[in-house]
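Take a look at the structure set out below.
Laboratory data are not the source of any read-out in this text; all were calculated from the coordinates shown. All of these numbers come straight from a predicted model, not from anything done at the bench. In this analysis, Cβ positions are derived from the backbone assuming ideal geometry, glycine residues included, and neighbour counts consider all displayed protein chains.
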Ligand SMILES: [Zn+2]
């Protein structure tokens, strides 16, 4: 696998985090397993992991999203990927 950013071909196993924004809510999902570029640190998720992250976000954000709040008023949620 080649890094799309820096073309480096070396990856290491690690974890990353991903912010997902829906309306006024921001869900930060941590500890997501990923391949990390050893040169620039860009994380790459496998397809099934990316799908699970989306599912987790949908579950966690159900009922939390509002589009009516003032600018700058944010609900920030943190969830570890399990
Ligand atoms: Zn890279």
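General observations
- Relative to the longest principal axis of the Cα atoms of the chain, the long axis of helix 47-61 makes an angle of roughly 20 degrees.
- Ordering of 57-64, 23-30 by packing is 23-30, 57-64, highest average first (other Cβ atoms within 10 Å, averaged per residue).
- Theoretical ellipticity at 222 nm over the chain - DSSP helices of four or more residues, -39500 (n - 2.57) apiece, nearest 500: -6000 deg cm²/dmol
- Relative contact order, percent, the chain [alpha-carbon distance under 8 Å, six or more residues apart]: 34
- Projected label distance in nm at residue 78 and residue 21, using a 7 Å step from Cα toward the beta-carbon: 2.0
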